[in-house]
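Data first, discussion second: the structure below is written as structure tokens.
The values are calculated or read from the model by the stated rules, or taken from the named source; none is laboratory data. Just so we're clear, the structure is a prediction, and the values are computed from it rather than from any experiment. When we count neighbours, we look across all protein chains shown, and the Cβ atoms used for this are built from the backbone with ideal geometry, even at glycine. The protein model used for the area step is the full one, side chains on, heavy atoms only, and it has no ligands, DNA or RNA in it. Shrake-Rupley method; radii C 1.70, N 1.55, O 1.52, S 1.80 Å.
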Amino acid sequence: YECGDVNSPRAIRTSRGAIDVVEHSIINSLDEVKGPFFALELGGKDIKEFSFPAEGTCILGSEESGVSPECLELAKSSLGKVEIPLHGAKGSINVSVAAGILMYSWDQFPFPLS
């Protein structure tokens, strides 16, 4: 999968040392990832209404092209898509900001808010 190298100088600088303390792994196949799966992507269920699993994998895509078709199919066959509703003129937000909102919501609200 095309993605940035976690050990590149830019990634290390941007992470401000988090690479050394946040558990992570590099995968070569989706078969290596544990489900259930869902994708953070436009057109999904409102994050305030999404039923987060106790454990699972959220797929986030690049800021330019989003989640790959292969990963969208994987999510579709499992828990589907979740989206952060946006208001105003912007149609998207930075992937790191979106990931932060998602992780907070997943931790705080592992059930629909409605």
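Residues in region 12-26 that are surrounded by fewer than 10 Cβ atoms within 10 Å (Cβ to Cβ) and not in a helix (DSSP H, G or I): Arg16, Gly17, Val21, Val22, Glu23, His24, Ser25. Being at pLDDT below 85, in a loop (DSSP other than H, G, I, E, B), open to solvent by 60 Å² or more (accessible area, probe 1.4 Å) and out of contact with any strand residue (DSSP E or B) (no Cβ under 8 Å at 6 or more places or on another chain) is a property that Glu55 lacks.
Specify the residue that is modelled with the highest pLDDT; the eligible residues are those in region 80-114 that are in a loop (DSSP other than H, G, I, E, B) and touching a Lys or Arg at 6+ places or on another chain (Cβ under 9 Å).
Filtering region 80-114 for residues in a loop (DSSP other than H, G, I, E, B) gives 80, 84-94, 109-114.
When the remaining residues are screened for being touching a Lys or Arg at 6+ places or on another chain (Cβ under 9 Å), the result is 80, 85, 109, 112-114.
Numbers: Gly80: 95, Pro85: 91, Phe109: 63, Pro112: 54, Leu113: 51, Ser114: 50.
Only one residue fits best here, namely Gly80.
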